[in-house]
1. 7 Å from Cα along Cα→Cβ at both residue 13 and residue 112: what's the point-to-point distance in nm?
2. Expressed as a whole number of Å, what is the distance separating the alpha-carbon centroids of the stretch 100-121 and the stretch 20-55?
Amino acid sequence: MNTFSNAFRAEVARMARKEIKPELQGMRKAITSHRSEIAALKREVKALTSQLKASRRQVKVADEPKAKAAIEEAGAKKARQVQFNALALGEKRAALGITQKEMALLLGASSLSVYKWESGRVHPRAAQLERIAQVLKFGKRKALALLNPQ
């Protein structure tokens with residue numbers, strides 16, 4: 001019986017392989033074509049990525065002078081908008097009735113800086129120019145309120 005069962009199993013396996021062989025060949029062909037399509041798509045994506053990087057570099061190089069000009073123009077506009085006048089700063093401090101030390105507190109600077117600005121020896125930086133312009137717009141009440149918070 002053992003020999004018969006072994007022979008029967010072998011025959012069933014052979015028949016199963018014979019039946020499955022055409023289906024497997026079709027699947028193998030499909031797999032091969034899919035793999036080649038995937039490889040072609042990968043090559044295409046790589047080429048497009050390199051083109052994109054190259055075009056970005058060209059745009060960056062082309063826009064760089066424009067960007068620098070825009071930044072310089074914006075800086076020039078800000079500089080034109082806020083004009084520093086040493087006499088106006090001194091007169092405003094006197095009008096507010098505060099000391100140079102108190103003015104320095106309002107401006108967020110040292111009293112020595114305020115002295116040099118008022119005397120005209122030193123010109124304040126752009127960041128300080130904006131703060132000075134704000135303080136020059138203050139009234140006496142607002143300035144005193146900021147100096148004496150309660």
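Throughout, read-outs are computed from the coordinates displayed, never taken from laboratory work. These numbers were taken from a predicted model, which means no experiment stands behind them. Note that we place each Cβ from the backbone using ideal geometry, even for glycine, and neighbour counts take in every protein chain shown.
1. 9.7
2. Spelled out, the Cα-based centre of one part sits 72 Å from the other.
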